[in-house]
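The values are calculated or read from the model by the stated rules, or taken from the named source; none is laboratory data. Note that the coordinates shown come from a computational prediction; the quantities given were computed from them, not determined experimentally. No Cβ is skipped: glycine too gets one built from the backbone with ideal geometry, and neighbour counts run over all protein chains shown.
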Amino acid sequence: MNSANQKPTNIDPNLPLSRHLVDNEHMLKTMFERCSDVIFRDVTLQGDTKLLFIYVDGMIDKDIIQSVILKPLIYEGIPQGVGPIDSIAQMCDQQLFAVLQTKKVNTFRDAADDILKGHLAILADGEPTVLLTDVSDYETRSIEEPSTESALRGTRESFTESLRTNTTMLRRIIVTPNLKMESYNIGKLTQTEVVLAYIDGLVSTSMLDEIRSRVERIDLQGVLESGYIEESIEDTHYSPFPQMLSSERPDVVSAGLMEGRVAVLVNGSPITLVVPMTFWDGLQAPDDYYERFMYITMNRWIRYLFALFAILFPSVYIALTTYHPEMVPPKLMLSITGLREQAPFPTVIEVFIMEFMFEGLREAGIRLPQQIGPLVSIVGALVIGQAAVQAGIISAPIVIVVSAAGISSFVIPRYRFGYPMRMLRFPLLVLSGIFGLFGTAIGMIAILSHLIHLTPFGSPYLQPVAPTKKNRAKNVFLRLPRKRASKS
Amino acid sequence: MKKILLIFCLLFLSASSTGCWNLKEPNQRAFIIGVGMDMTEDKELEISSEVAVPAGLGSSQVTGAGKKNTYTVVSAKGKDFMDAGQRLQAELSRSLFYAHRQTILIGHHMAEVGLDKYLDMIFRNPKSELRSVILVVKDGTAKEVIKAEPTFDPFISTTLGSQQSALGMKPYYYRMLLCDAFSEGTQPIVPAITADPSRGYVYAGSAILDKDHGIKLVGYLNPEESMYDNWIMGKQKNLTFTTSIGKRNETISIAVQSLKHRTRIKMVKHRPQIYISLHGIGSIVENNSSLDPSREDDLKTIQTKLSQEAEKKVRKLVDKAQHQYKIDIFGIGEHVHRQHPEIWKTLKPHWRETFPELPITVSVHLRYRDPGQTNSSL
């Protein structure tokens with residue numbers, strides 16, 4: 001509370017620098033008051049020229065400062081006889097640090113911003129400018145294998161938290177000057193760099209303009225993850241379905257770019273967004289186009305079926321056994337009945353209990369530390385699977401139904417896309433518990449009409465199946481060999 | 001948001017106003033597996049229902065000795081099907097559910113009186129199964145068959161359909177009885193069984209029902225006759241045929257797999273002439289004679305003998321139908337109706353009188369493609 005009441009700085013940061021080093025030093029010191037990691041270092045050259053170095057400790061490469069900046073300045077002094085030199089800053093810029101990126105700024109705000117990004121600021125007495133050299137070097141995570149989108153085939157690289165690393169990965173894959181990367185700084189406090197990457201000529205300009213304007217309109221205090229951007233630019237918040245593909249794989253993002261989509265990279269987040277997304281993207285695995293087409297066609301169908309299964313199985317089970325037992329084969333119906341002779345709860349309640357337990361287990365599995373992770377599965381399997389059935393609290397078919405539906409939702413290759421499937425199960429359960437198959441049908445109609453209605457960034461979500469584009473729709477269901485796919 | 005809420009409200013209203021509120025847990029229902037219909041001495045309908053006891057089926061929960069029965073039979077008398085059903089309900093704590101009925105058994109008496117008055121429920125009631133196998137109990141009551149202990153299955157009713165498949169026939173479903181009963185010129189030929197104290201029941205051929213007189217029982221065909229009749233009607237999928245050959249009456253058996261049947265109607269001077277030709281190709285499965293099926297001469301002998309024998313039997317059956325029962329059990333009327341619809345119009349009113357006088361020519365051709373794994377018998 002106390003710190004919030006304190007006035008951060010009593011200086012206007014937009015002020016230009018003065019000609020006196022002492023004033024400038026005082027100003028900056030006031031700005032960086034109580035910032036123990038900001039280092040001010042005075043250097044006096046040949047007795048009279050005073051320089052001030054400002055940097056954030058830990059964000060710069062000390063070796064470079066020593067060998068490239070300090071040593072030549074202190075030992076060799078200002079080089080003589082190289083023509084007229086206007087200022088120390090210009091001298092440093094043009095003659096001393098030939099290998100470094102430098103720039104000059106005139107206001108305190110710009111200087112402070114860059115210092116905080118890991119630049120070294122050099123101020124000289126008698127000059128109203130700050131020379132900033134990019135010597136930033138801070139600890140980042142190295143490139144690792146993708147952890148949430150594993151694929152049997154394809155690159156083992158995944159994006160990291162460092163935006164530059166990520167853009168490099170894309171550049172290495174797509175070698176064309178048409179790959180544009182527009183940069184934005186978003187977040188008042190975080191100043192997070194957000195890059196819109198797209199291939200000029202492939203991307204639809206109207207969509208790009210729309211994305212640009214939405215990104216420019218973002219007004220946030222801070223951006224910690226690409227999810228902040230996603231939420232700020234998505235079409236509607238009231239949809240269970242993700243409207244942007246999020247991926248940590250450079251190959252998936254590159255594929256999206258080559259299809260004329262826009263990638264949104266956010267500094268500090270290994271998850272890149274690809275805009276726009278369709279329903280079918282959610283059901284495609286990263287290595288769908290790396291493996292032989294026949295296996296993939298089969299796998300796709302398995303995924304489609306299981307996705308349907310994940311949404312519908314529990315509610316159809318309820319509808320059939322409690323409302324329409326005539327639709328179940330007699331022998332199956334009798335054994336289901338036999339197994340639920342002692343069940344104390346109605347089928348709907350049973351399914352609800354089990355679904356909640358399953359979702360709880362799943363949630364517990366994500367949050368728990370790895371060492372006690374297996375405990376959850378053991379307790380879950382024992383308590384939910386066996387004991388509940390043997391105690392007669394839950395009937396055995398319910399366990400089968402719920403776990404089968406749960407497993408099917410994990411067949412969906414994009415983990416995020418499994419969420420809507422699991423979530424929509426509950427309204428469907430209520431509907432079919434009240435109205436039978438009729439309710440299931442109503443629920444499905446509602447979901448489908450929502451999907452058809454959804455057009456993220458102007459492109460229909462169910463494209464190319466609805467609205468139908470015959471030639472491209474084929475590829476959704478079949479994953480044709482590349483030659484034939486491109487011909488059609 | 002408001003619009004979406006409105007839409008959901010409308011959907012909810014439309015759904016709840018359709019009256020789809022028949023939720024019943026499976027363990028609140030009594031699943032009827034089979035139904036027997038009998039006519040008592042005092043002309044009252046008696047319904048015997050075989051009701052599944054699911055606790056006896058769910059094996060995992062019943063541990064130890066207290067294994068329950070898998071079924072129970074309840075019977076009640078009544079004015080009609082549902083009237084008796086109400087009385088059945090009085091004996092059971094769960095509501096009766098007809099949609100899983102596998103079998104309908106018709107008692108001998110019931111068949112004699114005629115079925116037409118009591119079959120309406122089976123196709124009027126939407127919760128009723130049209131694919132129940134229907135059978136007539138020859139010289140007995142449906143009740144005694146339905147009470148019997150089954151050999152394989154947990155229920156005797158489910159065995160009856162598989163029994164027909166095992167005999168090479170297509171199972172005769174209730175809806176086929178309906179088709180036959182409403183057709184122009186086919187009489188329902190319903191499979192028949194007899195009650196058997198040890199096995200529960202034994203297949204006993206077919207019952208001939210007369211659709212023109214209240215689906216009343218006319219008579220029975222024995223298993224062999226029904227086999228040929230089914231062949232002519234296209235209801236037989238395979239059969240095994242045995243003939244004696246040579247001086248010492250040695251036997252040869254042939255298992256015939258692909259049965260073909262054809263009934264042609266030729267009009268000669270406005271009178272129909274019927275040609276029934278039957279074809280069958282099979283393999284020799286038993287040969288106790290000295291003939292060698294791999295030799296051409298013997299091959300011809302065997303095939304001619306087999307065909308002649310079969311032909312003789314079919315002729316006998318035709319004779320029986322024309323002169324004993326005087327009823328068209330081959331569905332010839334239907335063939336006339338299809339092949340010569342305009343003539344059928346004049347023939348139909350007195351088809352029953354015409355049928356016994358019809359000239360019917362029968363030809364049977366049995367061939368074998370596979371002499372078996374050896375040549376002549378040992």
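Side notes on the structure shown:
- Residue list for segment A:325-342, filter: in contact with a Leu (Cβ under 8 Å, 6 or more places away or on another chain) and of a type in the set (A, V, I, L, M, F, W, C): A:Met327, A:Val328, A:Leu334
- Among the residues making up segment B:268-281, those that are modelled with pLDDT under 90 and part of a strand (DSSP E or B) are B:Val268, B:Arg271, B:Pro272.
- Hits in segment A:288-324 (condition: of a type in the set (Ser, Thr, Tyr), closer than 20 Å to B:Lys24 by Cα and either out of contact with any Leu (no Cβ under 8 Å at 6 or more places or on another chain) or at the interface with chain B (Cβ under 9 Å from one of its Cβ atoms) (or both)): A:Tyr317, A:Thr321, A:Thr322, A:Tyr323
- Evaluation of B:Pro126 against (1) within 14 Å of another protein chain (Cβ to nearest Cβ); (2) buried (at least 16 other Cβ atoms within 10 Å of the Cβ) (one fails), failing number: (2)
- Unique match (being at negative phi and in contact with a Ser or Thr (Cβ under 9 Å, 6 or more places away or on another chain)) among A:Thr176, A:Thr272: A:Thr272
- B:Ala207 modelled with pLDDT of 90 or more, touching a helix residue (DSSP H, G or I) at 6+ places or on another chain (Cβ under 9 Å) and among the small types (Gly, Ala, Ser): yes
- Any hit, segment B:287-309, residues being part of a strand (DSSP E or B) and either among the β-branched types (Val, Ile, Thr) or not assigned by TED's automatic domain parsing to the domain that holds B:Met169 (or both): yes
- Looking only at segment A:343-356, and only at residues there that are crowded, with 18+ Cβ neighbours inside 10 Å and part of a helix (DSSP H, G or I), the one that is nearest to the other protein chains (Cβ to nearest Cβ): A:Thr347
- Filtered residue count, segment A:215-249, keeping only those that are part of a helix (DSSP H, G or I) and either β-branched (Val, Ile, Thr) or at pLDDT 95 or above (or both): 3
- Whenever a residue of segment B:75-87 is assigned by TED's automatic domain parsing to the domain that holds B:Lys127, its partners that are β-branched (Val, Ile, Thr), lying with C-beta atoms within less than 7 angstrom and at least six residues away or across chains, give the pairs B:Ser75/B:Ile47; B:Ala76/B:Ile47; B:Lys77/B:Thr40; B:Gly78/B:Ile47; B:Phe81/B:Ile47; B:Ala84/B:Ile47; B:Gly85/B:Ile47.
- Elements of type helices (runs of 4 or more DSSP H) in segment A:391-481, at least 1 residues being surrounded by fewer than 18 Cβ atoms within 10 Å (Cβ to Cβ), modelled with pLDDT of 90 or more and within 14 Å of another protein chain (Cβ to nearest Cβ): A:396-411, A:415-435, A:437-453
- For segment B:263-285, filtering for residues that are of a type outside the set (A, V, I, L, M, F, W, C) and either surrounded by 14 or more Cβ atoms within 10 Å (Cβ to Cβ) or outside the structural domain of B:Leu306 (by TED's automatic domain parsing) (or both) leaves 9.
- Every pair of residues 6+ apart whose Cβ atoms lie under 9 Å, when the first sits in segment A:287-312 and is within 16 Å of A:Val401 (Cβ to Cβ) while the second is not in a helix (DSSP H, G or I): A:Phe306/A:Ile412; A:Ala310/A:Ile412
- Residue identified as in contact with a strand residue (DSSP E or B) (Cβ under 7 Å, 6 or more places away or on another chain) and either assigned to a helix (DSSP H, G or I) or surrounded by fewer than 21 Cβ atoms within 10 Å (Cβ to Cβ) (or both) among B:Leu105, B:Leu88, B:Leu135: B:Leu88
- Where a residue in segment B:208-222 is closer than 17 Å to B:Gly331 by Cα and its partner, wherever it lies, is of a type in the set (Lys, Arg) and in a strand (DSSP E or B), with Cβ under 6 Å and at least six apart: B:Asp210/B:Lys216
- Among the residues of segment B:245-272, those identified as hydroxyl-bearing (Ser, Thr, Tyr) and either over 19 Å from B:Leu299 (Cα atoms) or under 29 Å from the mean Cα position of the chain (by Cα) (or both) are B:Ser253, B:Ser258, B:Thr263.
- Residues of segment B:319-356 that turn out to be touching a residue at least 12 places away in the same chain (Cβ under 8 Å) and either among the acidic types (Asp, Glu) or within 11 Å of B:Ile265 (Cβ to Cβ) (or both), as a count: 12
- Summed over segment A:325-342, residues that are of a type in the set (A, V, I, L, M, F, W, C) and within 7 Å of another protein chain (Cβ to nearest Cβ) total 4.
- Selection from segment A:357-378 of residues that are of a type in the set (A, V, I, L, M, F, W, C), surrounded by 13 or more Cβ atoms within 10 Å (Cβ to Cβ) and in a helix (DSSP H, G or I): A:Met357, A:Phe358, A:Leu361, A:Ala364, A:Val376
- Flag if A:Val383 is part of a helix (DSSP H, G or I) and surrounded by fewer than 16 Cβ atoms within 10 Å (Cβ to Cβ): yes
- Verdict on A:Thr190 being surrounded by fewer than 18 Cβ atoms within 10 Å (Cβ to Cβ), in contact (Cβ under 8 Å) with a residue 24 or more places away in the chain and either in contact with a helix residue (DSSP H, G or I) (Cβ under 8 Å, 6 or more places away or on another chain) or not aromatic (Phe, Trp, Tyr) (or both): yes
- With respect to the conditions (1) under 29 Å from B:Pro188 (Cβ atoms); (2) assigned to a helix (DSSP H, G or I), B:Ile265 falls short on a single one, namely (2).
- For segment A:39-75, a residue qualifies if it is within 15 Å of A:Leu131 (Cβ to Cβ), of a type outside the set (Val, Ile, Thr) and assigned to a strand (DSSP E or B), and the qualifying residues are A:Arg41, A:Leu45, A:Lys50, A:Leu51, A:Leu52, A:Phe53, A:Tyr55.
- Per-region count, segment A:301-342, residues among the hydrophobic types (A, V, I, L, M, F, W, C) and part of a loop (DSSP other than H, G, I, E, B): 1
- Qualifying positions in segment A:368-390 - away from chain B (no Cβ under 12 Å), under 25 Å from A:Ser315 (Cβ atoms) and of a type in the set (Val, Ile, Thr): A:Val383, A:Ile384
- Residues located in segment A:216-233, provided they are crowded, with 18+ Cβ neighbours inside 10 Å and of a type outside the set (D, E, K, R): A:Val223, A:Ser226, A:Tyr228, A:Ile229, A:Ile233
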